[in-house]
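The next block holds one structure in the form of structure tokens; read it before the comments.
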Amino acid sequence: MKFDSILPLACGVQNYPWGCRQQGGKRPYIADLLGVEADEDTPFAELWIGAHEKMPARVVSDPAAPVSLDELIAREPEAILGKSLAAQTGNQLPFLLKVLSCEKPLSIQAHPDRTLAARLHERDPEHYPDANHKPEIAVALTEFDAFCQFRPAEAIRTDLQRHSALRDFFGDLLQAFSPANRRQWLKDAYAHLFAADQIEIEAVLEVLQRELADLAHQTESDRWFLKTLDLFPGDRGTLSAYFLNAVHLRPGQAVFLGPNEPHAYLNGTIVECMASSDNVVRAGLTPKFIDRDVLVEMLTYKDGAPHIISGVSTGPGQTLYRVPAEEFELQVWRPERDQVMSLDSDGSVSILLVTSGQADVQTPQGRVVLSRGSIWLWPAALASLQVTGRGGQTEIFRARPSLGLGGALNQPIVASPEEDMDFGAMLEAHLAGAGTSVSSGDKVRGVISAIDDKTVFVDINAKSEGILERHELLNEAGELTVKVGDPIEAFCLGSHQGEIRLGLKLDSGAADASLAEAFEARMPVEGRVTKERKGGFEVSVGNHSAFCPFSQMDIHHRDAAAYVGERFTFLISEYGEDGRNLVLSRRRLLEEQRRQLVDELKETLQVGDLRRATIRKIMPFGVFADIGGIEGLIPMGELAWGHVEKAEDIVAEGDNVEVMIRDLDWERE
């Protein structure tokens, strides 16, 4: 067989019960993509594209003598995979590409990391058929809903307290919560859910269902609970609707599912790319094997909104979805009519999937037509392709091993500066709530989409826009301080008839009637420091007098006189006697903001980066500098080219300097 052209593949379909069926004469997505007949009884769930032994693709360049892809790789590993990849993987294709289409949930599940996968495979090879991990990316082809990662722990606790059925079930656990132990609290609460007796679970589900039926306004978590309960009566996994983020992806948006993170696909169609493994730990919403104890122990219990990935532009009509997985990366080509793309194999294998439109490919063997639904193997031996768009909205997915690793498996990814900028922008737009459920007290980020004489509308990437009172955004002269397109942060005050009400904070005019709500929802309140008193400060919040201890006013020590007469934003740490006993903390708010900044830095900061920093403290061995939420050490020997006797000769506290990141130790921050 020659390898101087791309080779057509025929791939198999999995007909799992949760797949999409023909409805009203409309074929399900996968059947329509492949141009095959469908009926109302046959679910089209997954199209498998790869060399996985469970369902390998067939190379059909010679229809009279098709050969399975795994057999062809075994015969010609270097020509297909490339010399380097073949040596590293033992002649195995390291990734699997899929089209997944579901009309009801798959399961509450997580994928094990490598260490756990090896242990599970050794212990139970029937249910864990290999020793590999299974990171994956899911790119939406249609509108797509999923559960993904834990919601903010505070929001989960608020939801569990809101309904008497859940309040009674979780009991003392709700009082045990604190921001400092959020991850352990999450684990304890989730473990309680999966360890409870089935009879008790069914009683909770029944009472909660009746309780929700009497509510005039249901949250997104309520609605997803009811939807999943209708499909899976008596299943405790339905209560995951209160624990996990409900993510809504638009076509082209994606999420990355790393090891040990909980998720469940709910409905819609995606392209998946993953490490070639079939290891899944399930705990609910499925008739398949359930391993609740393993799932509870394996999860990271990281909380917050998952990152919504939009990809990085790598050229006209080219988008790259790059993720922290050495087995794969995913590209999408969308050439305009007659646009020509010259592309290289980079000495490694690729698989091409055409999801719409048509294109021509020029190879040494001549012209090949890529039509919708066709699937192709691009062997490593074919050094380059020339792709030309030929009409319609052409879209071609390309899966290949991650080139960001220098072709070496099991090595860390170093992101390019362009990707850092894209990822930072994505965080700015999506970190606090993109496509997720929004509950009272949640902090969200969005973009102003419209303004009228009373209202500012904010796109928070949820299923409805946020509504903000215009007067909150006026300056002292009565002038509007924002415009359409500006980014903005706000707090969710609640929802009514599909509208999400937002506020910048609980200001002094509204405080009297809403302090209890602010305390429960952990919503900031505005106050003025009126005087210093024993142990702290007296703060005026509306018509109430509150107390803020010295230790809770700031993270860094300052002279007390610097605060008196100033207005600040606080969290209410204690509320009693109908508002007559109020204790405030500004430090907790600053620490939460700092933690969020640190989480962002953990995602974006790389050794070698240049950053602006502020000198915070000078010590005999060097200086500590704040790079926007976390302090780093500049040793004495790194302060200047020559010998430095005293750091004070070079810098002073408060100076702004440029620094290079030399090393990172996140365990010690």
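The values are calculated or read from the model by the stated rules, or taken from the named source; none is laboratory data. Keep in mind it's a predicted model, so treat the numbers as computed, not measured. Neighbour counts run over all protein chains shown; Cβ positions are idealised from the backbone, glycine included. Quick note on the areas: whole protein, heavy atoms, side chains included, nothing else; ligands and nucleic acids left out. Shrake-Rupley method; radii C 1.70, N 1.55, O 1.52, S 1.80 Å.
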| field | Any chance residue 595 is of a type in the set (D, E, K, R), within 31 Å of the chain's Cα centre (by Cα), buried (at least 17 other Cβ atoms within 10 Å of the Cβ) and within 30 Å of residue 503 (Cβ to Cβ) | value | no
| remark: Apart from one, (1) in contact with a Cys (Cβ under 7 Å, 6 or more places away or on another chain); (2) modelled with pLDDT under 90 all hold for residue 303; the odd one out is (1)
| field | Failed criterion for residue 295 (all others in (1) under 23 Å from residue 113 (Cα atoms); (2) surrounded by fewer than 22 Cβ atoms within 10 Å (Cβ to Cβ) hold) | value | (2)
| said: Looking for something out of contact with any Asp or Glu (no Cβ under 6 Å at 6 or more places or on another chain), assigned to a strand (DSSP E or B) and open to solvent by less than 40 Å² (accessible area, probe 1.4 Å) - is there at least one such residue anywhere in the stretch 52-67? | reply: yes
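For the stretch 102-113, does any single residue satisfy the condition of being under 30 Å from residue 522 (Cα atoms), open to solvent by less than 10 Å² (accessible area, probe 1.4 Å) and in contact with a Ser or Thr (Cβ under 6 Å, 6 or more places away or on another chain)? Don't jump to the end; show me each part of the working.
Here is the first cut: in the stretch 102-113, the ones under 30 Å from residue 522 (Cα atoms) are 108.
Restricting the remaining residues to those that are open to solvent by less than 10 Å² (accessible area, probe 1.4 Å) gives 108.
Going one step further and asking which of them are in contact with a Ser or Thr (Cβ under 6 Å, 6 or more places away or on another chain), we end up with 108.
Checked against the condition, which is being under 30 Å from residue 522 (Cα atoms), open to solvent by less than 10 Å² (accessible area, probe 1.4 Å) and in contact with a Ser or Thr (Cβ under 6 Å, 6 or more places away or on another chain), the stretch 102-113 yields at least one hit.
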| task | State whether one or more residues within the stretch 9-30 are in contact with a Leu (Cβ under 7 Å, 6 or more places away or on another chain), part of a loop (DSSP other than H, G, I, E, B), under 23 Å from residue 89 (Cβ atoms) and open to solvent by 20 Å² or more (accessible area, probe 1.4 Å). | result | yes
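Which of the residues belonging to the stretch 104-124 are more than 22 Å from the chain's Cα centre (by Cα) and either aliphatic (A, V, I, L, M) or not in a helix (DSSP H, G or I) (or both)? Step through it out loud before you land on a result.
Within the stretch 104-124, the subset more than 22 Å from the chain's Cα centre (by Cα) is 115-124.
Scanning the stretch 104-124 gives 116, 117, 118, 120, 124.
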| field | Subset of the stretch 564-582 [of a type outside the set (S, T, N, Q) and over 37 Å from the mean Cα position of the chain (by Cα)] | value | 564, 565, 566, 576, 577, 578, 579, 580
| task | Answer with yes or no whether residue 189 is open to solvent by 10 Å² or more (accessible area, probe 1.4 Å), out of contact with any Pro (no Cβ under 6 Å at 6 or more places or on another chain) and either assigned to a loop (DSSP other than H, G, I, E, B) or among the aliphatic types (A, V, I, L, M) (or both). | result | no
| query | Do we have any residue at all in the stretch 305-326 that's open to solvent by 20 Å² or more (accessible area, probe 1.4 Å), part of a loop (DSSP other than H, G, I, E, B) and among the β-branched types (Val, Ile, Thr)? | reply | no
| note | For residue 34, the lone unmet condition from (1) open to solvent by 10 Å² or more (accessible area, probe 1.4 Å); (2) under 27 Å from the mean Cα position of the chain (by Cα) is (2)
| Counting residues that are at negative phi and within 30 Å of the chain's Cα centre (by Cα), which strands (runs of 3 or more DSSP E) fully inside the stretch 333-374 reach at least 2? | 350-356
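Kindly provide the set of residues from the stretch 144-169 that are open to solvent by less than 50 Å² (accessible area, probe 1.4 Å) and over 28 Å from residue 257 (Cα atoms), ordered by number. I'd like the intermediate steps shown before the answer.
Keep residues of the stretch 144-169 that are open to solvent by less than 50 Å² (accessible area, probe 1.4 Å), which gives 144-156, 158-161, 163-166, 169.
Scanning the stretch 144-169 gives 161, 163, 164, 165, 166, 169.
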| Tally, over the stretch 561-601, of residues that are outside any helix (DSSP H, G or I), touching a Leu at 6+ places or on another chain (Cβ under 9 Å) and charged (D, E, K, R) | 2
| field | Members of the stretch 125-157 that are of a type in the set (A, V, I, L, M, F, W, C) and not in a strand (DSSP E or B) | value | 131, 141, 153, 155, 156
